[in-house]
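*Asks:* Sending over a structure as structure tokens; questions will come in a sec.
The values are calculated or read from the model by the stated rules, or taken from the named source; none is laboratory data. None of these values were measured; they are calculated from a predicted model. Virtual Cβ from ideal backbone geometry, glycine too; neighbours counted across all protein chains shown.
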Amino acid sequence: MTKIPIGSYFEIFIDWLMDNFEPVFDGIKSGIMWVIGGFETALLSVPALILIAIISLIAWKVAKRRIALFTLFGLLLIDNLKLWDKTMESLALVFTATVIALVIGIPMGIWMARKDRVDRTMRPVLDFMQTMPAFVYLIPAVIFFDLGKVPGAFSTIIFAMPPVVRLTNLGIRQVPKEVVEASKSFGSTSKQLLLKVQLPLATPTILAGVNQTIMLALSMVVISAMIGARGLGEEVLKGVTQMQIGKGFEGGIAVVILAMILDRITQALGTSSTK
């Protein structure tokens, strides 16, 4: 049986994109790099101890006291391990990918919730985005944007976006029909219905999607280091490629601490929105 040359067709498609849209990719690269640079500057310009105190206070405000204490001691441990700058680089990458994923994903989820045809069309696309191995995204990302932080952010955006799209769509669709009909009977426009009824009621579900997007973005930190994204992933990668077991373990611990902090804070935000 003759093999279907899917890989060859994909290469031809990528080459066509590079030949016809290279200026667009250069513009996207500049924009993403500007956002990453802004986050890094903001995070690294504040002394570590002050930023640790600020983050701990935020955790205290939105979550429980024990989460705030875990945040405090966890970030102090990261600073003690001399991984603070690396952690801030990873956090800047996660923030950039998450913000862009939300800016694209939430409107897409709203569109899917309001148009059944769009929902049917996008579901297979989201399935593809979620089930494709994360390493595969690195290939076109490197071709489009070279090595560095930008291809890492680009592949992270694609990998992390589906949850917020799906849960935004689900949250709006789960708004009781009686509430929607009552809002329409009082003369609400489509925009008012969305902004004042559907989105507020769907907020807990949407925030769950935001939480999952952040977690997936953070899971790409180590993978993105393979193409020069640096950060904590670089430390873990050194542990694997150079057999620096202790360095790799310390980098892994820092990733775990950062993931737990972000997870608990975003979960607490979702819980508080239901009260």
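*Asks:* When both residues are 6+ apart or on different chains and their Cβ atoms are under 6 Å apart, which pairs have a first residue that lies in the range 20-41 and is of a type in the set (D, E), and a second that is assigned to a helix (DSSP H, G or I)?
*Replies:* From residues that are of a type in the set (D, E), the pairs are E40/A92.
*Asks:* Just for the range 226-254: of the residues that are over 20 Å from A134 (Cα atoms) and of a type in the set (V, I, T), which one is modelled with the highest pLDDT?
*Replies:* Top of the filtered list is I253.
*Asks:* Do we find a residue being in contact with a helix residue (DSSP H, G or I) (Cβ under 8 Å, 6 or more places away or on another chain), at pLDDT 85 or above and closer than 23 Å to D79 by Cβ anywhere in the range 194-214?
*Replies:* Yes - at least one qualifying residue is present in the range 194-214.
*Asks:* F144 passes all but one of (1) at pLDDT below 85; (2) in a loop (DSSP other than H, G, I, E, B); (3) crowded, with 19+ Cβ neighbours inside 10 Å; which number fails?
*Replies:* Here F144 clears every test but (2).
*Asks:* Would you mind telling me which numbered condition in (1) over 15 Å from L167 (Cβ atoms); (2) touching a residue at least 60 places away in the same chain (Cβ under 8 Å); (3) out of contact with any Asp or Glu (no Cβ under 6 Å at 6 or more places or on another chain); (4) in a helix (DSSP H, G or I) V222 fails?
*Replies:* Unmet for V222, out of (1) over 15 Å from L167 (Cβ atoms); (2) touching a residue at least 60 places away in the same chain (Cβ under 8 Å); (3) out of contact with any Asp or Glu (no Cβ under 6 Å at 6 or more places or on another chain); (4) in a helix (DSSP H, G or I): (2).
*Asks:* Something else about it: Do any residues in the range 198-209 that are touching a residue at least 40 places away in the same chain (Cβ under 8 Å) and within 15 Å of A113 (Cα to Cα) have Cβ atoms under 8 Å from those of residues that are acidic (D, E) and in a helix (DSSP H, G or I), where the two are at least six apart or on different chains, and which pairs are they?
*Replies:* none
*Asks:* Hey, another quick one. Note down all Cβ pairs under 8 Å where the first residue falls in the range 66-84 and is part of a loop (DSSP other than H, G, I, E, B), the second is modelled with pLDDT under 95, and they're at least six residues apart or on different chains.
*Replies:* L81/E250; L81/I253; L81/A254; L83/L232; L83/E235; L83/E250; L83/G251; L83/A254
*Asks:* Continuing with the same structure: What residue, among those in the range 231-253 that are closer than 11 Å to L218 by Cβ and of a type in the set (G, A, S), is surrounded by the most Cβ atoms within 10 Å (Cβ to Cβ)?
*Replies:* Looking at residues that are closer than 11 Å to L218 by Cβ and of a type in the set (G, A, S), I get G231.
Let's see how each residue does on (1) under 19 Å from G27 (Cβ atoms); (2) free of Cβ contacts under 8 Å to residues at least 40 places away in the same chain; (3) among the hydroxyl-bearing types (S, T, Y):
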site: F95; (1), (2), (3): no, no, no
site: I100; (1), (2), (3): yes, no, no
site: I104; (1), (2), (3): yes, no, no
site: M112; (1), (2), (3): no, no, no
site: M132; (1), (2), (3): no, yes, no
site: G148; (1), (2), (3): yes, no, no
site: G152; (1), (2), (3): yes, no, no
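Residue by residue, here is whether (1) aromatic (F, W, Y); (2) surrounded by fewer than 12 Cβ atoms within 10 Å (Cβ to Cβ); (3) assigned to a helix (DSSP H, G or I); (4) on the phi < 0 side of the Ramachandran plot holds:
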{"site": "T121", "(1), (2), (3), (4)": "no, yes, yes, yes"}
{"site": "I139", "(1), (2), (3), (4)": "no, no, yes, yes"}
{"site": "I158", "(1), (2), (3), (4)": "no, no, yes, yes"}
{"site": "T168", "(1), (2), (3), (4)": "no, no, yes, yes"}
{"site": "I172", "(1), (2), (3), (4)": "no, no, yes, yes"}
{"site": "G187", "(1), (2), (3), (4)": "no, yes, no, no"}
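*Asks:* Just checking, which of I50, I12, I54, I4 is out of contact with any helix residue (DSSP H, G or I) (no Cβ under 7 Å at 6 or more places or on another chain), of a type in the set (A, V, I, L, M, F, W, C), surrounded by fewer than 16 Cβ atoms within 10 Å (Cβ to Cβ) and not in a helix (DSSP H, G or I)?
*Replies:* Numbers: I50 fails: not in a helix (DSSP H, G or I); I12 fails: not in a helix (DSSP H, G or I); I54 fails: not in a helix (DSSP H, G or I).
So the residue among I50, I12, I54, I4 that is out of contact with any helix residue (DSSP H, G or I) (no Cβ under 7 Å at 6 or more places or on another chain), of a type in the set (A, V, I, L, M, F, W, C), surrounded by fewer than 16 Cβ atoms within 10 Å (Cβ to Cβ) and not in a helix (DSSP H, G or I) is I4.
*Asks:* Let me ask something additional. Got at least one residue in the range 23-40 being more than 23 Å from the chain's Cα centre (by Cα) and either surrounded by 15 or more Cβ atoms within 10 Å (Cβ to Cβ) or modelled with pLDDT of 85 or more (or both)?
*Replies:* First, pick out the residues of the range 23-40 that are more than 23 Å from the chain's Cα centre (by Cα): 23.
From what is left, the residues that are either surrounded by 15 or more Cβ atoms within 10 Å (Cβ to Cβ) or modelled with pLDDT of 85 or more (or both) are 23.
For the range 23-40, residues more than 23 Å from the chain's Cα centre (by Cα) and either surrounded by 15 or more Cβ atoms within 10 Å (Cβ to Cβ) or modelled with pLDDT of 85 or more (or both): present.
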